[in-house]
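The values are calculated or read from the model by the stated rules, or taken from the named source; none is laboratory data. Keep in mind it's a predicted model, so treat the numbers as computed, not measured. Neighbour counts are summed over all protein chains in view; Cβ atoms, including those assigned to glycine, are modelled from backbone coordinates with ideal geometry.
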Amino acid sequence: MKFKYRARGAGKGITEGYVEAPDESLALETLRRNGVTLLSLKVTDEGEMSPDAMLLLGGESSRHDAADSASFAEKTPPVPQGRPFRPGMVPDRTIRLFFRQLASMVQAGLSLFSSLGILAEQEHNPAFKDLLLRIQYVLECGLPLSHATKSNPIFAPVITSMIQAGEESGRMANALDGAATLLEKRAELKRKLFSAMFYPTFVIIFAFIVLALFVVVLLPQFRQIFSDMNIELSGLTRYLFAAGEYCIAQWKIIVPAVLGVFWLLTWLLTRRGPIIDRLKLKLPIFHKLILKASMARATRTLAVLSGSGVPLPVGLELARGAAGNAVVGDGFASLHQRILRGESLGDAAKAVGIFPNLVSQMMRIGEETGRLDNMLERLAAWYDQELDEQLKNTTALLEPVLILFVGGVVAVVALSVLGPITSALSQLG
């Protein structure tokens, strides 16, 4: 079979040509060995590309392919239905562990079918065990693993693309290892962000709880004491007494209002959208942290996809979705469009503007040397390091702010209680 390809060579710009191979899998492997960045591939003389290969390359299958695929599906026995899936039914840790174990078994020489059977036997989660048995059944029917992962929402599209690339290139062990690595890196990034945000959030919430308990519970008792001793109250103490009485009288309104504000802030921070994401990048102190976290997610996804054999346009599209921020996602979308127009990745990154000059230079070097996979991996590691430094800087900056905040709360409490007592003692003296 003869295939027509469109690719970017090492320092040669966009090139088009033909490659002969028995099937599309060997054609893809031949082009990758030549060190080019594949943009498109299509059959020219005989045969048809498989639907999986066309999806891998970011294209659409022909009507003939769709008809063949539908005919094959009709001949395939229906997949047995197991427990219905709900969000959170299968923990992320279970999925990460599954891919790591599956990759280890395949690398050790076990078949996918046997590995899935072993993992299903030792799985304690009933829903996930049913899913593994259904995937095993799909393989038994002759369908690829990517067909099973694509049809289930617990597997991210990026994972399915990596598995498709492994199936097309014959490097399934590497693809599974890359999927496990990507999921582990994402979990590590999430843990770092949670650790960085937990300390200031805990301190602020704890300070407000202490202040609320003081105003509602303790101040009324001091008020009775001050009244019995005929102690003149300061303005701050009278204000806190009035605030305590108001909170006690209107607690049915105040408590839902506070919970509503907390829910609204949580919703805004977790909500995605162009306007909200732009506002996030303008938050004081946190804007650099949010930007670098999004860039770390996207570049890590692109690096792992590229190392697994996924074509660059598909990798950029999936990296856009992995960014978690519409502004950063638009940057990768611009890269995707410029690449399809024939620009080099390095020049496109420089023109987009959201990427530092070092990033565009590393991408350019990777293309010129034919080692784009390696450079993307270094780029992801660089962003991981940048994120670690930003987390340290943000924590160091928040510490004095939190100290001043807690100190202010303590000062208010001390002045409101000790001020009248000190004034009374001075009058007695």
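Pick from 189, 219, 193: which is surrounded by 11 or more Cβ atoms within 10 Å (Cβ to Cβ), touching a Gly at 6+ places or on another chain (Cβ under 7 Å) and of a type outside the set (Asp, Glu)?
Numbers: 189 fails: touching a Gly at 6+ places or on another chain (Cβ under 7 Å); 193 fails: touching a Gly at 6+ places or on another chain (Cβ under 7 Å).
Result: 219 is the single residue among 189, 219, 193 that is surrounded by 11 or more Cβ atoms within 10 Å (Cβ to Cβ), touching a Gly at 6+ places or on another chain (Cβ under 7 Å) and of a type outside the set (Asp, Glu).
Let's see how each residue does on (1) touching a strand residue (DSSP E or B) at 6+ places or on another chain (Cβ under 9 Å); (2) modelled with pLDDT of 85 or more; (3) outside the structural domain of residue 333 (by TED's automatic domain parsing); (4) within 17 Å of residue 343 (Cβ to Cβ):
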position	(1), (2), (3), (4)
357	no, yes, no, yes
380	no, yes, no, no
384	no, yes, no, no
387	no, yes, no, no
395	no, no, no, no
400	no, yes, no, no
410	no, no, no, no
Quick check on my filter: what residues within segment 234-247 are in a helix (DSSP H, G or I) and within 18 Å of residue 417 (Cβ to Cβ)?
235, 236, 237, 238, 239, 240, 241, 242, 243, 244, 245, 247
In the set 391, 345, 372, the lone residue that is within 18 Å of residue 300 (Cβ to Cβ) and touching a strand residue (DSSP E or B) at 6+ places or on another chain (Cβ under 7 Å) is 372
Out of everything in segment 123-151 that is more than 23 Å from residue 187 (Cα to Cα) and polar (S, T, N, Q), what residue ends up being surrounded by the fewest Cβ atoms within 10 Å (Cβ to Cβ)?
151
Verdict on residue 102 being surrounded by 13 or more Cβ atoms within 10 Å (Cβ to Cβ) and either of a type in the set (Lys, Arg) or not in a helix (DSSP H, G or I) (or both)
no
Would you point out the residue of segment 127-176, among those that are among the hydroxyl-bearing types (Ser, Thr, Tyr) and assigned to a helix (DSSP H, G or I), that is farthest from residue 27 (Cα to Cα)?
137
Mind listing whichever residues of segment 344-364 are within 23 Å of residue 308 (Cα to Cα) and crowded, with 16+ Cβ neighbours inside 10 Å?
344, 345, 346, 348, 349, 359, 360, 362, 363, 364
Yes or no: residue 207 out of contact with any His (no Cβ under 9 Å at 6 or more places or on another chain), surrounded by 12 or more Cβ atoms within 10 Å (Cβ to Cβ), under 27 Å from residue 416 (Cβ atoms) and free of Cβ contacts under 8 Å to residues at least 40 places away in the same chain?
no
